[in-house]
Every structure is written in C-alpha cells, then in structure tokens.
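First comes the structure, then the notes that go with it.
Just so it is clear, none of the values below were taken in a lab; they were calculated from the coordinates. Every value quoted in this text rests on a predicted model; they were computed, and no experiment measured them. Backbone-built Cβ (ideal geometry, glycine too); neighbour counts: all protein chains shown.
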Amino acid sequence: MSIMFTYKNLQIISAVPFRDIERYFNEIDAIRNERGAYALGDIEIWVDPCEVSAFEAFDIPRHKITVTGDRDAAEKFLTAFRLRFLSLGG
C-alpha cells in the first residue's frame, strides 16, 4: 500500500467510537500490551481521549491515535486506519 497522506507527527485525531477502534484492532491482530498501547509488528499504537469539540451539543467521540516505532510502518498503519473509517456521508 502506498502512503496517501503526509504525517508531520505520527498521530491523528479520530471521531471513530472506541468500540469500533477496538474491533478494528482485533481484525488486524493488534494486541494490547502491559503499557496500555496496542502492539502491531514494529509499532505501538496509543489511543487517548481528546477534549470535547466546540460542538458540545453533539456527542462526537474524539480520540488521539499516536503511533511510535518504525516510521514507515506507522505511516502505513495511519493511512490504513483513515481509509478503513473513511465516510462520504453514507
């Protein structure tokens, strides 16, 4: 898979519900380790809740997905994650 996005930092903000993130991690065999990150090959994936957005009337989940380890593997993971949950309003 080629990298479609550029990442200054190896992190993104996601509005995907945590249960869907966990389900995806199970699908790709990312295993939660003793430090609370998800291990996948040469990377660790951290999922942390973010502050509530400016639209407090809406219950929109927000998580910061941060990846550490091999940069190439991290960028491929982030791109795959974004594409997996990409929605065009339908």
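Between GLU27 and GLU51, with labels modelled 7 Å along Cα→Cβ, what's the label distance in nm to one decimal, could you check?
3.2
Just add up the charged neighbours of TRP46: K/R +1, D/E -1, any other residue whose Cβ is under 14 Å from the Cβ of TRP46.
-1
Find out how many positive minus negative residues lie around ILE12, taking Lys and Arg as positive, Asp and Glu as negative, among other residues whose Cβ is under 9 Å from that of ILE12. Walk me through the numbers before you get to the answer.
Working: positive: LYS64, ARG82; negative: none.
Charge balance near ILE12 sits at +2.
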